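Here is the structure we will look at.
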Amino acid sequence: MIETVIRKRIEILTDSALARRVTEAIDRAGITGWTITPVTSGKGRDGHWREERVMGTDKVFVLTIAPQDKAMALAEDLAPILSSHGLLLTMWDVEVIRGERF
Amino acid sequence: MIETVIRKRIEILTDSALARRVTEAIDRAGITGWTITPVTSGKGRDGHWREERVMGTDKVFVLTIAPQDKAMALAEDLAPILSSHGLLLTMWDVEVIRGERF
Amino acid sequence: MIETVIRKRIEILTDSALARRVTEAIDRAGITGWTITPVTSGKGRDGHWREERVMGTDKVFVLTIAPQDKAMALAEDLAPILSSHGLLLTMWDVEVIRGERF
Amino acid sequence: MDASVLQTFTSPVVLFFVLGLLAAFARSDLAIPEAIAKGMSLYLMAAIGLKGGVAVAKSGIDARVLGALLIGILASFALPLIANLLLRTFGRLDRINAGAVAAHYGSVSVVTYVTAVEILTGSQMAPQGFMVAVLAAMETPAILTGLLLARGLGKSSDGRSKGELLHEVFLNASVVLLLGAFAIGMIAGPDGFAEVTPFFEAGFKGVLCLFLLDMGLIAARRIMDARSVTWRLAVIAIALPLINGTLGTLAAHAIGLDVGSVAAFGVLCASASYIAVPAAMRLALPEADPGIYLTMSLSVTFPFNILINIGLITAFASMLAGGAAVP
Amino acid sequence: MDASVLQTFTSPVVLFFVLGLLAAFARSDLAIPEAIAKGMSLYLMAAIGLKGGVAVAKSGIDARVLGALLIGILASFALPLIANLLLRTFGRLDRINAGAVAAHYGSVSVVTYVTAVEILTGSQMAPQGFMVAVLAAMETPAILTGLLLARGLGKSSDGRSKGELLHEVFLNASVVLLLGAFAIGMIAGPDGFAEVTPFFEAGFKGVLCLFLLDMGLIAARRIMDARSVTWRLAVIAIALPLINGTLGTLAAHAIGLDVGSVAAFGVLCASASYIAVPAAMRLALPEADPGIYLTMSLSVTFPFNILINIGLITAFASMLAGGAAVP
Amino acid sequence: MDASVLQTFTSPVVLFFVLGLLAAFARSDLAIPEAIAKGMSLYLMAAIGLKGGVAVAKSGIDARVLGALLIGILASFALPLIANLLLRTFGRLDRINAGAVAAHYGSVSVVTYVTAVEILTGSQMAPQGFMVAVLAAMETPAILTGLLLARGLGKSSDGRSKGELLHEVFLNASVVLLLGAFAIGMIAGPDGFAEVTPFFEAGFKGVLCLFLLDMGLIAARRIMDARSVTWRLAVIAIALPLINGTLGTLAAHAIGLDVGSVAAFGVLCASASYIAVPAAMRLALPEADPGIYLTMSLSVTFPFNILINIGLITAFASMLAGGAAVP
Ligand SMILES: Nc1ncnc2c1ncn2[C@@H]1O[C@H](COP(=O)(O)O)[C@@H](O)[C@H]1O
Ligand SMILES: Nc1ncnc2c1ncn2[C@@H]1O[C@H](COP(=O)(O)O)[C@@H](O)[C@H]1O
Ligand SMILES: Nc1ncnc2c1ncn2[C@@H]1O[C@H](COP(=O)(O)O)[C@@H](O)[C@H]1O
Ligand code: NA
Ligand code: NA
Ligand code: NA
């Protein structure tokens, strides 16, 4: 029977222009890594947008797996700019194998 | 200490041709927004498919964050066409910051 | 009121060159299907990488929905190669509609 | 007939298609990124639209043009009826799937048409420019017939009105781009077109090569994964292009078109859509199985048309025109 | 004046832009994959950079070139002040958003410039090659003025130093590619450029057609979803290109440039950035609303410039040059 | 020698590579979308395959061709042995990583070859068309040697048979496309190729410019993030192209090839794969560290070959041919 441990999975939707701000915060929180996945389009209070990479207003998901405490540190770190920078942050518990890596 | 609230995260895998059907249902349920992410390929009972954007049979993920009641309303709304339209719907609880937005 | 059942959602980050190894394992575990989504870039212990499809070192997410037992069988099957092949596996419980399909 | 067929097999365009088929059957991982494939398909449609519009700007619109448009629209409405009959009887398909497949065979394949034009031009039988307008006109009527066959006059399954659906169908990307570029070609005329010739004309054949390479890969991969297509359906996917091609060639000959346009019209009737119609079917008949209609049109009919039927139709059109088979 | 305007409307380049607008307004699903759009934009910038560099390699650098660079940089620094005034008073915008919008109108739009060059060349008034260097020089100064207007001399909201920000702004992709290709054109010279002419010159106009098709689609779709743009802001988005275009044309005429370069400089001043500046604003002023600045620059000013203002500015420049309106 | 080196540095192709390096080192955000990069790489392989096939259709296959193929295959099998020795001793690498790196240096880099051909052609020393077949033949044998060195004759770590693996390796995209296009070129011949010349020939050099821009960006970014490459490995990544290039040039001269083909063969031996082999290593040796083999081949050897070694090898081949250094 393999062993799994519980970690937080955090996903942050951000303008791609601001992705480096987010990944720097992840590095600051001492988390081991992150992964960026593409986003096609979306709708929020600002109305609908589409793939707008040409205009630099496209978005990406930054996701990271971290232990509870570091995840909280990251959320605290990002909280002040969530609204001003239009970030969307969700997190939940996941099971991971090889938990010592995160 | 920042405060988080619990919301449902719903992800719906759909043919891109049908994505507008899904986002209209999200709007009807009174949910504030949605995000579409790309899908590369997959396998289900119909056999394997690949990136087939040329043929209009490619798929996307539509994801939305909503309070429990609206999430359920959305699921009820989509339930009748899930099978006929070949949609795949999963949902789970997530923590969000700035919960008043959803 | 629609009925939902609980299933495991498993997401595996893998080099795209190795994706077939993973999907074959999913098929072996008797799971009904899987979906592949693209990944843009990431950082782990190996340093930062970017879209490197030209060089065959790009990555993808393979995700699959399965009942608890099959999910565990899959995790057992993949465990020995997780480290050697640099895979990252997370899983969590989700609610699905039309649960008989999974 | 042999000459046309041979002509086909030394054309780089067709050879790249064959390369795609072989690579996929050998399970090579060769693949064209989807954004590139989509971009090439937009390029091809813009280019043939422009060229057709410029040609019509030169030649003007006359009774022959209107006649060709008319039989094109009629064919697109009517051909699904033949397909439906075969599919319901010999093919043993249910009503929904038969209607969906039938719509594909009434509509047309842009790439089949373009390949035929390249081959015809190589044999000094270039079709008239207005045939591009005929191509565009034939894309959508078949969708209506297919829907009527599948569902009668009722509402669609998810309660959307027919009006909304038709809007989506008639403004689909390929119709808009083809007709838009056609109009631009007519407005800009030969002079305006001259400025963009290096891009839209000189590059055309090369892009078509790479696009057909991709089509070969997709067609072969799809048939290897196919589950829903029975041998009966495969037979129909070969019979329909033969039947429709013959009928189309005869009709175009009857209204007095030149030999190249006759062959081109035959190819249009013989071809089956695999872009506009599948997308429309996902919207309008989501219960129909794409495994059936895509595999039939893309993996059986399309290769059959490219590799064999274009040659046959060309030879038949030449014969009707009283000539011997092409040199 | 009418002639220039007509000239505009039979150019395939502009017609494809109109097709994009119409298709989006009719809610067609026509779309260009984003990777293709990005690729075309890189191609266009590399091509105009190269061409400009080769032209300067031939003509050399003289006082006229330096003069043009100087007024370009000055204009980019100063024009946001006019915009800011209008936006804060008549436009009723707050300080942050006014500064962000103002930066767009001081900077330039590469595609507007390129379209103007095509139209001017079609009227035998091709601007000088060094204008590409002016274009590149005008991209970024406006960003500084906009930031100062929005935020004064303080730190940015997320505590990053201005230095870091400037690094990101000045090394943005389009500046680097434009100036890099310009330098390559100067080093390789006419001989080196000859080898790559078929790709970078022959294909240019065709690529521009497809790129403007995409811009039309995006501009129209954005305005249909727009919420934040009031009628006051829409008026400003038309007034600014008229004002800035007039000022720019006069300034360039005053320093004695040829008529084509005068018109090109007028168009540069009239144009509003929708690539480099929005990206910089997301970094530097994330609180500003992209719904305002993108819709104004992309969906109002850009089409106004392409369809009308390039013609007006050309006619004005011809008038200043003492000639009658262009034939 | 200086002349060849200078020739290198005024070629737009090389200048775009340098631009990419500089932009990445300056931390600009310039980037080519991956779909475009992939599309360009497919285009380049199809184009050189076609050109080579057409050339062989003209010249026929003779003993010289077979000789070149033979030494190519031998070199690809044997060169990893030299690399492995250096890596295990001076480089201090473990067995798995040494084998993986060695495979890269036995195999070849398509883009290095193509760049060399452009530079050689510019100096009136175009290599023979059949060298494309040699290129394709050299891609995979080195993978076998590398695997044997890393793992001996045993099974792969995840229990897959060698047969399955070889299938994946030998049908990898670049081999299939190169050889397929080569065959199409041979079948279609000069006449068939003429139709697609504007696309595959005229655009070639321009596409190569943009592709090398991307390679420069990727190579420089990778080296800035690199952690696993020691100074010892960096030295080896410079020494190997010098050693292999010298051996290859001598061997090709010995079998009596013309000076252009001798230099081209030298470059093939000097070059290290960064497409086919890395993908094969992820499958076959997933435990090996891509941070080592990609950084060595892509960020050290590739730029060294493009900027310096092609010039050196050309001069050496000219010297062997008894001529003075190229004019
Ligand atoms: N903590 C993490 N959270 C999310 N993704 C990660 C994390 N660690 C590693 N990754 C991803 O896994 C890849 C390989 O990581 P590694 O094996 O540590 O080099 C990275 O490139 C990231 O995309
Ligand atoms: N409830 C939601 N669920 C999922 N995504 C959302 C939601 N609300 C907003 N978004 C995403 O966040 C982006 C910005 O939202 P907003 O800040 O409300 O304009 C949108 O374009 C969507 O992609
Ligand atoms: N168990 C599963 N896990 C993840 N994705 C699935 C699963 N089953 C089906 N899918 C996805 O849903 C699509 C349609 O499935 P189906 O309706 O079974 O043909 C497939 O192509 C997959 O992308
Ligand atoms: Na048809
Ligand atoms: Na301006
Ligand atoms: Na080598």
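Below, the figures for the structure above:
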read-out	value
Condition broken by D:Leu212, with the remaining ones in (1) part of a helix (DSSP H, G or I); (2) away from chain F (no Cβ under 14 Å) satisfied	(2)
Filter result for the condition that a residue is part of a helix (DSSP H, G or I) and away from ligand 6 (no atom under 16 Å from the Cβ), over C:Glu95, C:Glu100	C:Glu100
Tally of residues being surrounded by 16 or more Cβ atoms within 10 Å (Cβ to Cβ) and either over 15 Å from the mean Cα position of the chain (by Cα) or closer than 30 Å to E:Asp289 by Cβ (or both) across region A:80-93	9
Subset of region F:110-150 that is surrounded by fewer than 23 Cβ atoms within 10 Å (Cβ to Cβ), assigned to a helix (DSSP H, G or I) and polar (S, T, N, Q) - its residue that is nearest to ligand 1 (Cβ to nearest atom)	F:Thr145
All positions within region E:16-35 that are within 14 Å of chain F (Cβ to nearest Cβ) and in a helix (DSSP H, G or I)	E:Glu34, E:Ala35
Leading residue by the ranking (farthest from ligand 6 (Cβ to nearest atom)) among those in region D:79-111 that are under 12 Å from the mean Cα position of the chain (by Cα) and more than 14 Å from every other protein chain (Cβ to nearest Cβ)	D:Gly106
Selection count, region A:11-23, where residues are aliphatic (A, V, I, L, M) and either outside any helix (DSSP H, G or I) or within 12 Å of chain B (Cβ to nearest Cβ) (or both)	2
Among the residues listed as D:Gly266, D:Gly260, the single one being small (Gly, Ala, Ser), surrounded by fewer than 24 Cβ atoms within 10 Å (Cβ to Cβ) and modelled with pLDDT of 95 or more	D:Gly260
Unmet requirement for F:Thr10, which otherwise passes all of (1) at pLDDT 90 or above; (2) within 29 Å of F:Ala315 (Cβ to Cβ)	(1)
Selection from region A:24-40 of residues that are small (Gly, Ala, Ser) and either within 28 Å of B:Val62 (Cβ to Cβ) or at the interface with chain C (Cβ under 7 Å from one of its Cβ atoms) (or both)	A:Ala25, A:Gly33
Filtered residues of region E:241-272 (kept if under 16 Å from E:Pro127 (Cα atoms) and part of a loop (DSSP other than H, G, I, E, B))	E:Ile255, E:Gly256, E:Leu257, E:Asp258
Among (1) crowded, with 22+ Cβ neighbours inside 10 Å; (2) modelled with pLDDT of 95 or more; (3) closer than 20 Å to C:Thr64 by Cα - the single one B:Val39 does not satisfy	(2)
Any hit, region E:289-299, residues being closer than 16 Å to E:Gly72 by Cβ and away from ligand 6 (no atom under 16 Å from the Cβ)	no
Unmet requirement for D:Ser76, which otherwise passes all of (1) within 14 Å of chain F (Cβ to nearest Cβ); (2) under 22 Å from the mean Cα position of the chain (by Cα); (3) hydroxyl-bearing (Ser, Thr, Tyr)	(1)
Filter result for A:Val62 (aliphatic (A, V, I, L, M), part of a strand (DSSP E or B), over 11 Å from the mean Cα position of the chain (by Cα) and more than 14 Å from chain E (Cβ to nearest Cβ))	no
Subset tally (residues that are in a helix (DSSP H, G or I) and free of Cβ contacts under 8 Å to residues at least 40 places away in the same chain) for region C:24-52	2
Scope region D:52-109; condition touching a residue at least 24 places away in the same chain (Cβ under 8 Å), farther than 14 Å from D:Cys269 by Cβ and not in a helix (DSSP H, G or I); matching residues	D:Ile61, D:Phe90, D:Gly91, D:Arg92, D:Leu93
Some residue of region F:146-164 being touching a residue at least 24 places away in the same chain (Cβ under 8 Å) and either within 16 Å of ligand 2 (Cβ to nearest atom) or at positive phi (or both)	no
Options D:Lys58, D:Lys38: the member that is away from ligand 1 (no atom under 16 Å from the Cβ), among the charged types (D, E, K, R), within 12 Å of another protein chain (Cβ to nearest Cβ) and surrounded by fewer than 24 Cβ atoms within 10 Å (Cβ to Cβ)	D:Lys38
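The values are calculated or read from the model by the stated rules, or taken from the named source; none is laboratory data. In this text, all values refer to a predicted model and were calculated from it rather than measured experimentally. With ideal geometry, Cβ positions are generated from the backbone for all residues, glycine too; neighbour counts draw on all protein chains shown.
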